[in-house]
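Working notes for the structure below.
The values are calculated or read from the model by the stated rules, or taken from the named source; none is laboratory data. Since we're looking at a predicted model, the values are computed, not measured. Every residue, glycine among them, receives a Cβ derived from its backbone with ideal geometry; neighbour counts consider all protein chains shown. Accessible surface is based on the protein model in full, side chains and every heavy atom, while ligands, DNA and RNA are left aside. Shrake-Rupley method; radii C 1.70, N 1.55, O 1.52, S 1.80 Å.
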Amino acid sequence: MSAKSHLHNDTPLLEVKNLETAFSIDGTYYNAVDNVSFRVKPRQIVGIVGESGCGKSVMSLSVMQLLPKGIGKIRNGEILFDGVHLENMTDSEINKIRGKDIAMIFQEPMTSLNPVFSIGFQLQEVLFNHMKISKKEARLKSIALLKSVGISRPEKIVDEYPHQLSGGMRQRVMIAIAIACQPKLLIADEPTTALDVTVQAQILELLKEIQEVNDMSVILITHDLGVVAEMCDEVIVMYAGKIAERTDVDSLFHNPKHPYTQLLMGAIPKMDEEVETLSTIKGIVPSLKNMPKTGCKFAARCPKAMPECLTITPQLAENEEGHEVACLLYETSRPKTEVNA
Amino acid sequence: MNTEHKNTAVLKKDKSNNEMLLEVKNLKTYYPIKGGILRRTVAVVKAVDDVSFEIRKGETLGLVGESGCGKSTAGRTILRLLEPTEGQIIFDGQDITNVRGTSLRKIRQDFQMVFQDPYASLNPMMMVGHLVSEPIRNYNNKSEKELKPEVLDLLAKVGLPEDAYYKYPHEFSGGQRQRIGIARALALRPKLIIADEPVSALDVSVQSQVLNLLKELQDEFDLTFLFIAHDLSVVKHMSDRIGVMYLGGLVEVADKDSIYAEPLHPYTQALISAIPEPDPRKKKERIILEGDVPSPIDPPKGCTFHPRCAHAMPECQSVKPELREVKPGHRVACHLYK
Ligand SMILES: Nc1ncnc2c1ncn2[C@@H]1O[C@H](COP(=O)(O)OP(=O)(O)OP(=O)(O)O)[C@@H](O)[C@H]1O
Ligand SMILES: Nc1ncnc2c1ncn2[C@@H]1O[C@H](COP(=O)(O)OP(=O)(O)OP(=O)(O)O)[C@@H](O)[C@H]1O
Ligand code: SF4
Ligand code: SF4
Ligand SMILES: [Mg+2]
Ligand SMILES: [Mg+2]
């Protein structure tokens, strides 16, 4: 792994190019991630949002090479981490990176922590995998890590088991495990969805602090636009396995371009605004088998759909500097007037 | 706290003079914890501990609070699905705390529940037509065939197509299943609906459909709601007044604008400040609470919030603050307000 790439801020830490990930259903493969490209720069927090089933988790599992064997596979594309290709790595090669340079935390800390092992054991396991340290050092480092994620009485908690901890504490332990080897990239898949708001606030604050101290990049997957607004630098909006829009967080909220993004924004009740009816999106995300084969995948639900949306597939393209959108309303050959109609 | 609160003078029907539909007085619901070989009660979970509130006809009272604070227990006790340990429940002028048998059955027609998980609450073996007509058939001898026009009408009201009648729950999306649950709840034309986290399992786009539907139906059927959720922005959107619960107790009740613009209880203040604002230009002052919610088996003495409260005073450790009105229509249980 080369260190020099960090000298240039613009060199991406992670670069995903034309990624296609497919699942086998009744013997046929269907794309769950369909030609997706994006970059994550060092120290950047990139949010991925979208409705349930739009491919957020599959994308992160693809990066981590954690797709279920025999069912899911990367069909096409490249995943470059710090300049190194991940997509064709053998298990032993990827194991050296996973948990060390790239770490992941999941939504449900109970299912990702092993109930039969103590907290300390699970922390030390990661440390032993990637570092040459003694048992004693590992224990001390585990305690220090628990302390760093805000767990009080870490000397005691280190010997306890997952069920003895609250949901918020378990998520802190997951974060401690994830940052044990100071990863360069943390992928957090709905890290606070199962938590109460006051606990969520604690965990988000912690994540932000660690990100700053460790100079870490983060991919934050969430369906909560409030969390995105608070945490992210850049945001990717996914729909049906594709990127619908990608931009910095301020333009996403104040200048959303894709009809899907606009509707998502209007669907959330806001604390400081009174509206009688919220905006809705008719229909649901199509399942992999029922994905439209041609045209824009959002067409059936889009209030601005035009006849050509059923036949022409919109391409993700820069509309304003740093603001990409995949929608025929913005493809250059069209008159601009239609856009704000 | 956010001071930019827009003065939204939306003309709303004032419900503060409507007749009372539900009054809950000093309600307590304790769960026994059994232990030992003799299965004796070794401790109790004080899930709802001395809660009082009222709901007027046509009003929506929102109930918020963190996981385990007793929201569902309160809702289920009011519906008499759980036995109250102490206190009084008065529904439409009648004390229903101890009614049983046929009288309870009769009253049950008047209130219904909508649950969080629409899948788990619908029998997967039953067709939608059957599911929606079931509550009606429980109360009269009409056949499914006789009831079909009524059921189709209900399906239309909740925005489901006619052919849903012959389908099974698994053939529907989460949002559609929630609509089935709502149609079922409406079947007996209840006066009160207790909606327990009705949209928590849904995507925002679908959540907004269901919230809009509930509001429309409230107008059309003159419904009164107890709306339980942990998402304060959803609760604010739906409710006229909001009650905030902490560790089995009601710590603050007020109309929704006051709760948001002027939360008085330190816990309510923390809760509101913790909500992530969907606008990156608004950076709010955040109150980060220390520690976890204590156990309801052995709640702290005095004010149950004192171990986590930044304003705690000596008396907070020993004297339990009463829920008192400190401004018209604004009640709070905290020693800071005397
Ligand atoms: N193991 C699998 N086998 C078959 N299909 C799968 C599998 N995992 C995911 N899928 C499908 O891939 C699509 C994308 O799923 P994914 O889990 O990435 O969605 P998501 O955006 O993470 O949704 P959520 O917000 O619910 O977590 C969905 O249609 C899903 O049904
Ligand atoms: N059947 C039961 N036996 C014993 N304790 C129970 C039982 N049901 C709930 N409790 C406890 O009572 C308390 C209140 O639970 P309740 O389900 O009413 O909370 P809630 O506010 O609805 O939480 P959530 O937001 O998680 O649904 C919790 O401490 C819970 O663990
Ligand atoms: S391409 Fe057409 S259908 Fe797709 S989002 Fe744009 S306007 Fe809507
Ligand atoms: S009574 Fe005391 S401890 Fe309780 S909320 Fe008020 S100030 Fe805080
Ligand atoms: Mg997911
Ligand atoms: Mg509940």
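Residues satisfying the criterion are present in the stretch A:43-59 (criterion: open to solvent by less than 70 Å² (accessible area, probe 1.4 Å), over 13 Å from A:ILE187 (Cα atoms) and of a type in the set (Val, Ile, Thr)). Within the stretch A:326-340, is even one residue hydrophobic (A, V, I, L, M, F, W, C) and open to solvent by 30 Å² or more (accessible area, probe 1.4 Å)? No, that holds for no residue. Checked against (1) open to solvent by 30 Å² or more (accessible area, probe 1.4 Å); (2) modelled with pLDDT under 90; (3) in a helix (DSSP H, G or I), A:ASN9 passes all but condition (3).
Figure legend. Inter-residue proximity from the stretch B:181-195: first residues closer than 18 Å to B:LEU22 by Cα, second residues buried (at least 20 other Cβ atoms within 10 Å of the Cβ) and among the hydroxyl-bearing types (Ser, Thr, Tyr), beta-carbon distance below 8 Å, spacing 6+ or different chains. Indicated pairs: B:LYS191/B:THR224; B:LEU192/B:THR224; B:ILE193/B:THR224.
Of all residues in the stretch B:106-115, how many are open to solvent by 80 Å² or more (accessible area, probe 1.4 Å) and either in contact with a Ser or Thr (Cβ under 8 Å, 6 or more places away or on another chain) or in contact (Cβ under 8 Å) with a residue 12 or more places away in the chain (or both)? Of the residues in the stretch B:106-115, 0 are open to solvent by 80 Å² or more (accessible area, probe 1.4 Å) and either in contact with a Ser or Thr (Cβ under 8 Å, 6 or more places away or on another chain) or in contact (Cβ under 8 Å) with a residue 12 or more places away in the chain (or both).
So, in the stretch A:265-302, of the ones that are of a type in the set (A, V, I, L, M) and either within 16 Å of ligand 5 (Cβ to nearest atom) or at positive phi (or both), which residue ends up modelled with the highest pLDDT? Looking at the filtered set, the residue picked out is A:LEU288.
From (1) touching a Pro at 6+ places or on another chain (Cβ under 7 Å); (2) away from ligand 6 (no atom under 16 Å from the Cβ); (3) of a type in the set (S, T, N, Q), pick out the condition that doesn't hold for B:GLN94. Going through the list (1) touching a Pro at 6+ places or on another chain (Cβ under 7 Å); (2) away from ligand 6 (no atom under 16 Å from the Cβ); (3) of a type in the set (S, T, N, Q), B:GLN94 breaks only (1).
Any residue in the stretch B:47-69 that is without any contact (Cβ under 8 Å) to a residue 12 or more places away in the chain and more than 16 Å from ligand 1 (Cβ to nearest atom)? Before the answer, list the steps.
Start the filter on the stretch B:47-69 by keeping residues that are without any contact (Cβ under 8 Å) to a residue 12 or more places away in the chain, which leaves none.
No, every residue in the stretch B:47-69 fails to be without any contact (Cβ under 8 Å) to a residue 12 or more places away in the chain and more than 16 Å from ligand 1 (Cβ to nearest atom).
Where helices (runs of 4 or more DSSP H) fall wholly inside the stretch B:71-154, no range has 1 or more residues that are within 16 Å of ligand 5 (Cβ to nearest atom) and within 14 Å of another protein chain (Cβ to nearest Cβ). Just checking, does the stretch B:121-130 include any residue being surrounded by fewer than 18 Cβ atoms within 10 Å (Cβ to Cβ), under 25 Å from the mean Cα position of the chain (by Cα) and not hydroxyl-bearing (Ser, Thr, Tyr)? The answer is yes; a qualifying residue exists. Only helices (runs of 4 or more DSSP H) whose full extent lies in the stretch A:86-144 are considered here, and the ones with at least 3 residues that are open to solvent by 60 Å² or more (accessible area, probe 1.4 Å) are A:91-97, A:119-130. Of the residues that make up the stretch B:319-329, is at least one open to solvent by 10 Å² or more (accessible area, probe 1.4 Å) and closer than 30 Å to A:THR261 by Cβ? There is no residue in the stretch B:319-329 that is open to solvent by 10 Å² or more (accessible area, probe 1.4 Å) and closer than 30 Å to A:THR261 by Cβ.
Taking the stated definitions as given, is A:SER251 away from every other protein chain (no Cβ under 13 Å), open to solvent by less than 30 Å² (accessible area, probe 1.4 Å) and small (Gly, Ala, Ser)? Against the criterion (away from every other protein chain (no Cβ under 13 Å), open to solvent by less than 30 Å² (accessible area, probe 1.4 Å) and small (Gly, Ala, Ser)), A:SER251 does not qualify. Output the residue which, of all residues in the stretch B:288-309 that are within 14 Å of chain A (Cβ to nearest Cβ) and not in a loop (DSSP other than H, G, I, E, B), is most open to solvent (accessible area, probe 1.4 Å). In this case the residue turns out to be B:PRO307. Look at the stretch A:131-150: where a residue is under 27 Å from A:GLU205 (Cβ atoms) and a partner is open to solvent by 70 Å² or more (accessible area, probe 1.4 Å), sitting 6+ places away or on another chain with Cβ atoms under 6 Å, you get A:ILE143/A:GLU155. Taking the conditions exactly as written (farther than 18 Å from A:MET59 by Cβ, under 21 Å from the mean Cα position of the chain (by Cα) and free of Cβ contacts under 8 Å to residues at least 12 places away in the same chain), does A:ASP272 satisfy them or not? Judged against the criteria, A:ASP272 is not a match.
Residues in the stretch B:39-86 that are within 16 Å of ligand 4 (Cβ to nearest atom) and closer than 23 Å to A:LEU195 by Cα: B:GLY65, B:GLU66, B:CYS69. Residue pairs whose Cβ atoms lie under 6 Å apart, sitting 6 or more positions apart in sequence or on different chains, and linking a residue in the stretch A:179-208 that is small (Gly, Ala, Ser) to a partner that is assigned to a strand (DSSP E or B), are A:ALA188/A:ILE105; A:ALA188/A:LEU220.
Whether any residue in the stretch B:312-325 is closer than 21 Å to B:LYS25 by Cβ and of a type outside the set (D, E, K, R) is what I want to check.
Yes; the residues of the stretch B:312-325 include at least one that is closer than 21 Å to B:LYS25 by Cβ and of a type outside the set (D, E, K, R).
Just one of the numbered conditions (1) assigned to a loop (DSSP other than H, G, I, E, B); (2) within 14 Å of chain B (Cβ to nearest Cβ); (3) more than 16 Å from ligand 3 (Cβ to nearest atom) is not true of A:ARG43; which one? For A:ARG43, the exception is condition (2). Checking each residue in the stretch A:169-187 for being at pLDDT below 95, open to solvent by less than 10 Å² (accessible area, probe 1.4 Å) and not in a loop (DSSP other than H, G, I, E, B) picks out A:GLN171, A:VAL173, A:ILE175, A:ALA176, A:ALA178. Among the conditions (1) farther than 25 Å from A:ASP215 by Cβ; (2) modelled with pLDDT of 90 or more; (3) in contact with a His (Cβ under 7 Å, 6 or more places away or on another chain), A:PRO115 misses just one, which is (2).
If you check B:LYS28, B:LYS57, B:LYS71, which single one turns out to be out of contact with any Gly (no Cβ under 9 Å at 6 or more places or on another chain), crowded, with 16+ Cβ neighbours inside 10 Å and under 28 Å from B:LYS106 (Cβ atoms)?
Unique residue meeting the criteria: B:LYS57.
Among the criteria (1) more than 16 Å from ligand 6 (Cβ to nearest atom); (2) part of a loop (DSSP other than H, G, I, E, B), the one B:VAL42 does not fulfil is (2). Of the helices (runs of 4 or more DSSP H) lying entirely inside the stretch B:174-280, those carrying at least 2 residues that are open to solvent by 20 Å² or more (accessible area, probe 1.4 Å) and away from chain A (no Cβ under 12 Å) are B:174-186, B:204-221. Residue-level check: of (1) farther than 18 Å from A:ALA229 by Cα; (2) surrounded by 23 or more Cβ atoms within 10 Å (Cβ to Cβ), A:HIS163 misses just (2).
Which condition breaks for B:VAL99 when tested against (1) within 20 Å of B:LYS191 (Cβ to Cβ); (2) in contact with a strand residue (DSSP E or B) (Cβ under 8 Å, 6 or more places away or on another chain)? Failing condition for B:VAL99: (2).
Please specify each residue of the stretch A:205-238 satisfying the condition of being more than 10 Å from chain B (Cβ to nearest Cβ), in contact with an Asp or Glu (Cβ under 8 Å, 6 or more places away or on another chain) and open to solvent by 10 Å² or more (accessible area, probe 1.4 Å). Matches in the stretch A:205-238: A:GLU234 only. Take the residues in the stretch A:263-304 that are open to solvent by less than 50 Å² (accessible area, probe 1.4 Å) and among the charged types (D, E, K, R); name whichever of them is nearest to the other protein chains (Cβ to nearest Cβ). Filtering first and then ranking leaves A:GLU274.
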